[in-house]
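Visitor: Below you'll find the structure I mean.
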Amino acid sequence: MLPKIFLFKDWVPNWLIKIVLFIVLLPSLVLFFLPMTNVAAAAGNTGIETYDVIYSVALFYAGYVSFFSLERRFFRFLAAKEYFIIITIIQIVTSYICYSTQQVAILFVFRFIQGMAFTMTVNLSLSLIYSQLRTERARIIGYSIFFGMLVCMIPLNNFLTANIVDSFNFNFLYKCAIFSYFPSLVFIYLFMNNVHLDVKFPLYQLDWASFILYACFVCLIGYIMVYGQEYYWLEDPRIFWSIVSIFVLLVLFLLRQSSLKRPYFDLAVFRYRNFYIGGAVILIFYICRFALGVTTTYFQTVLKLDPLHIGDITLLNILGIVVGVISAGVYILQHRPIRLLWLYGFSLLLIYHAGMIFLFTTQANEGYFYLPLFLQGLGVGTLMTPSIIFMVSSVPERFGVTSAGICLLMRCLGFYLSAGLMNYYELFSKSKHFNTFQNQISVLNPIAKQQLVKYSNSLIVHGSALGKSTKLSNKIVVNAVNVQNHIRFGIDYYEMICTLLVVTLLLVALFPYINRTIVTISKNQPSPF
């Protein structure tokens with residue numbers, strides 16, 4: 001453990017150090033999923049499509065993932081204080097550009113740069129935090145706090161930004177992000193000593209080639225998952241050539257890693273069975289985690305809840321996450337088998353998704369969703385920390401950095417797959433159900449005809465002209481069909497998630513090797529990323 005005076009000035013108390021590190025980390029965590037707080041508002045304000053908004057988040061994730069290994073060279077070269085200041089200035093400048101630009105290409109470029117800066121912030125912040133942690137208990141608490149904060153960001157953003165989105169343009173959130181960085185900049189300048197956390201290593205022979213290959217590979221996967229269904233997959237040349245490019249980039253990247261003395265990723269990590277198991281669990285977990293977006297969209301589209309009410313409801317989800325993270329930390333400290341945590345967590349997610357299938361209706365009281373949202377958060381909080389610790393600790397310590405980087409990639413791919421699956425179900429499922437409803441609704445259908453007459457008479461009673469009432473009644477029917485389409489989309493998607501969860505639970509319960517696996521944290525365990 002580094003003495004406090006080595007990192008911070010001797011008059012700074014420990015409690016203030018923890019607050020400063022939290023203030024430094026929080027704005028970047030908020031910035032991560034900021035566009036997803038209100039996708040429609042983000043798209044409308046900039047004049048882009050909703051898919052562009054999701055891809056801006058995917059690019060942030062790509063910058064975070066791809067810069068992970070290369071960033072460590074900068075981390076070892078620069079002193080902690082000046083590194084923090086440089087990172088913060090980069091985040092302020094990129095946030096201002098995202099706030100002021102109306103060009104989607106510029107937005108994409110600087111969201112990727114924000115992801116790179118986020119890597120730097122996380123690495124330095126958590127290295128400072130972990131330098132203060134002596135015991136296994138403290139390290140597990142550190143893991144739990146960071147991943148708990150990360151998984152809380154989407155519901156927390158919904159709560160924190162609801163009033164701002166309701167009162168200002170969406171881009172005003174980027175201006176708020178700019179000002180949120182200034183306190184950390186001041187605290188860093190006043191409290192920290194300008195010292196190195198590691199032996200200074202000169203910046204020569206940086207592996208920019210591997211970084212570029214890896215970054216393009218991850219960005220293209222995100223592009224295919226976000227836009228694939230909209231462009232009808234291989235029918236569009238952009239998707240076809242993107243897939244070809246992914247295979248070419250992957251082959252080049254693997255060949256380069258096998259020939260380098262100090263590779264970007266040490267491919268020897270793939271020799272360990274637990275590493276594959278942990279990666280598969282994280283991938284499935286992240287697909288299920290982001291399925292919560294279907295529920296929040298249902299609140300907006302079907303129940304017509306405003307962002308303020310949605311933010312209030314999702315507080316129950318945050319409470320569930322906090323309880324789940326604490327419970328998982330206690331289980332890990334007791335050295336309980338990982339199988340139990342996975343069974344508990346995935347079972348809670350199964351209960352949530354199966355219950356929501358029956359709650360997707362045209363009208364509902366928001367109180368019906370309190371318990372399901374709490375259970376979803378409880379399941380996510382239970383699974384998050386142990387799954388990542390399991391994967392990172394499944395290989396020898398010398399592969400710690402590589403295993404952490406691949407673990408980060410699996411989380412990124414889970415987000416991408418979730419986006420791709422939701423886009424597929426939303427476009428394909430909605431069109432299928434719309435055609436089914438359209439075949440049933442015609443003037444030849446007496447029930448549909450009676451309903452149209454009922455709507456028209458009701459509009460006339462409330463003062464509408466005869467000609468307009470007919471058009472408005474048709475529009476009401478179309479809106480009702482769209483609502484039913486969205487409900488059917490949510491049901492179809494959650495049925496798929498339930499099937500995935502049942503298969504996962506069976507494999508976890510029956511796979512004998514997992515039954516004997518216990519998560520432990522060594523003293524040299526790398527900090528989480």
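The values are calculated or read from the model by the stated rules, or taken from the named source; none is laboratory data. Note that the coordinates shown come from a computational prediction; the quantities given were computed from them, not determined experimentally. Counting neighbours? That spans all protein chains shown, and the Cβs are built from the backbone with ideal geometry, glycine included. Quick note on the areas: whole protein, heavy atoms, side chains included, nothing else; ligands and nucleic acids left out. Shrake-Rupley method; radii C 1.70, N 1.55, O 1.52, S 1.80 Å.
Visitor: From the list Arg238, Arg273, Arg262, which residue is among the basic types (Lys, Arg) and closer than 27 Å to Leu427 by Cβ? It would help to see each step written out before you state the result.
Guide: Working: Arg273 fails: closer than 27 Å to Leu427 by Cβ; Arg262 fails: closer than 27 Å to Leu427 by Cβ.
Arg238 is the lone residue from the list that is among the basic types (Lys, Arg) and closer than 27 Å to Leu427 by Cβ.
Visitor: Does Tyr55 satisfy the condition of being touching a helix residue (DSSP H, G or I) at 6+ places or on another chain (Cβ under 8 Å) and at pLDDT 90 or above? Lay out the reasoning, then the answer.
Guide: Details: touching a helix residue (DSSP H, G or I) at 6+ places or on another chain (Cβ under 8 Å): yes; at pLDDT 90 or above: yes.
Considered against the rule, which asks whether it is touching a helix residue (DSSP H, G or I) at 6+ places or on another chain (Cβ under 8 Å) and at pLDDT 90 or above, Tyr55 comes out as yes.
Visitor: Considering only the stretch 138-148, I want to know if a residue exists there that is modelled with pLDDT of 85 or more and either touching a Lys or Arg at 6+ places or on another chain (Cβ under 9 Å) or among the hydroxyl-bearing types (Ser, Thr, Tyr) (or both). Reasoning before the result, please.
Guide: In the first step, residues of the stretch 138-148 are kept if they are modelled with pLDDT of 85 or more; the result is none.
No, that holds for no residue.
Visitor: Is there a residue in the stretch 241-257 that is open to solvent by 10 Å² or more (accessible area, probe 1.4 Å) and not in a helix (DSSP H, G or I)?
Guide: Taking every residue of the stretch 241-257 in turn, none turns out to be open to solvent by 10 Å² or more (accessible area, probe 1.4 Å) and not in a helix (DSSP H, G or I).
Visitor: When you check Ile17 against the structure, is it of a type in the set (Val, Ile, Thr) and assigned to a helix (DSSP H, G or I), yes or no?
Guide: yes
Visitor: For the stretch 159-177, which residues satisfy the criterion of being open to solvent by 20 Å² or more (accessible area, probe 1.4 Å) and in a helix (DSSP H, G or I)?
Guide: Answer for the stretch 159-177, where residues must be open to solvent by 20 Å² or more (accessible area, probe 1.4 Å) and in a helix (DSSP H, G or I): Phe159, Leu160, Asn163, Ile164, Val165, Asp166, Ser167, Phe172, Lys175, Cys176.
Visitor: Residue under question is Ser180, and the condition is that it be within 23 Å of the chain's Cα centre (by Cα), among the small types (Gly, Ala, Ser) and open to solvent by less than 10 Å² (accessible area, probe 1.4 Å); does it hold?
Guide: Here the answer is no, as Ser180 does not meet what is asked.
Visitor: Filtering the stretch 26-43 down to residues that are part of a helix (DSSP H, G or I) and open to solvent by 20 Å² or more (accessible area, probe 1.4 Å), which residue is nearest to Thr101 (Cα to Cα)?
Guide: Within the stretch 26-43, the first condition is being part of a helix (DSSP H, G or I), and the residues that meet it are 26-32, 34-37, 39-43.
Within this subset, residues satisfying the condition of being open to solvent by 20 Å² or more (accessible area, probe 1.4 Å) are 26, 30, 36, 39-41.
Working: Leu26: 24, Val30: 20, Met36: 18, Val39: 17, Ala40: 18, Ala41: 15 Å.
So the residue we want is Ala41.
Visitor: Checking the conditions here, which among Phe358, Phe415 is hydrophobic (A, V, I, L, M, F, W, C) and closer than 27 Å to Val57 by Cβ?
Guide: Only one candidate qualifies: Phe415.
Visitor: Let me ask you something else. How many residues does the stretch 485-503 hold that are out of contact with any His (no Cβ under 8 Å at 6 or more places or on another chain), in contact (Cβ under 8 Å) with a residue 60 or more places away in the chain and more than 13 Å from Gly355 (Cβ to Cβ)?
Guide: Total meeting the criteria: 7.
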